[in-house]
Amino acid sequence: MTAPHLVRLTLALALVAQGCRSTEQESASNHDAQVREAMDHFLVALNNLDLVAIDSMFTDSVSAFVPTVQGHAVQGRTAMREIFVGYAARFPDGPPPATVPQKVVVSSSDSLGVVSFVVPDLERGIVRRRTFVFRRGDGGWRISHYHASDFLSAPPTR
């Protein structure tokens, strides 16, 4: 093989490799957007106390740690439904103040996605930390694990 042919072959292989990396990046970016959309769908349902929509976002085998509600782990869709029914019952006059996430981080692969964020509660001096694990299946992206924890933030300095 002559030098010009080697150069052309090397350039062609480099372009193919670059195209593969570009496709992987586009795919990951697309999955991130899909996971973010699923998270947004859940938050809209939560903010509207739409229990049917909330329930539809969980896998049947969902697990969760919700220490603000109970000390032990939650396992299964029925148990999660009970958590959110109890949450909605705390607001008989309508939805609570909207949950507006900050510092949102989304990471995903073809079948799993993770969303982490915080929700500052300035009145109470609490930072609510939330992490959701999504799994992609026939029904789209569903929550397979949820972790909630609240952190008492330092009092403001004067």
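Descriptive notes on the structure:
- Residue list for segment 102-119, restricted to those being open to solvent by less than 50 Å² (accessible area, probe 1.4 Å) and either within 13 Å of Leu152 (Cβ to Cβ) or without any contact (Cβ under 8 Å) to a residue 40 or more places away in the chain (or both): Ser116, Phe117, Val118, Val119
The rows are residues; the columns are (1) under 20 Å from the mean Cα position of the chain (by Cα); (2) of a type in the set (Gly, Ala, Ser); (3) exposed (fewer than 14 other Cβ atoms within 10 Å of the Cβ).
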position: Leu51; (1), (2), (3): yes, no, no
position: Met57; (1), (2), (3): yes, no, no
position: Ser61; (1), (2), (3): yes, yes, yes
position: Gly76; (1), (2), (3): yes, yes, no
position: Ala88; (1), (2), (3): no, yes, no
position: Asp93; (1), (2), (3): no, no, yes
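- Among the residues of this structure, Val133 counts as one that is modelled with pLDDT of 90 or more, within 16 Å of Glu37 (Cα to Cα) and part of a strand (DSSP E or B).
- Checking Glu123 against (1) open to solvent by 60 Å² or more (accessible area, probe 1.4 Å); (2) touching a residue at least 12 places away in the same chain (Cβ under 8 Å), the condition it does not meet: (2)
- Residue within segment 127-144 that is more than 19 Å from Phe58 (Cα to Cα) and exposed (fewer than 14 other Cβ atoms within 10 Å of the Cβ) present: no
- Cβ pairs under 8 Å, 6+ apart, first in segment 90-101 and farther than 16 Å from Leu51 by Cβ, second at pLDDT 90 or above and among the β-branched types (Val, Ile, Thr): Val100/Val119; Pro101/Val118; Pro101/Val119
- Considering residues of segment 145-154 that are touching a residue at least 40 places away in the same chain (Cβ under 8 Å) and open to solvent by less than 50 Å² (accessible area, probe 1.4 Å) only, the residue nearest to Thr59 (Cα to Cα): His145
- Among the residues here, Gly71 does not qualify as open to solvent by 30 Å² or more (accessible area, probe 1.4 Å), out of contact with any strand residue (DSSP E or B) (no Cβ under 6 Å at 6 or more places or on another chain) and in contact (Cβ under 8 Å) with a residue 12 or more places away in the chain.
- Some residue of segment 56-64 being assigned to a helix (DSSP H, G or I) and at pLDDT 95 or above: yes
- Number of the exception - Val69 against (1) closer than 28 Å to His31 by Cβ; (2) at pLDDT below 95; (3) hydrophobic (A, V, I, L, M, F, W, C): (1)
The values are calculated or read from the model by the stated rules, or taken from the named source; none is laboratory data. Only a predicted model underlies this, so the values are computations on that prediction, with no experimental measurement involved. Methodologically, a virtual Cβ is constructed for each residue, glycine included, from the backbone with ideal geometry; neighbour enumeration extends over all protein chains shown. Areas reflect the complete protein model, heavy atoms only, side chains present, ligands, DNA and RNA absent. Shrake-Rupley method; radii C 1.70, N 1.55, O 1.52, S 1.80 Å.
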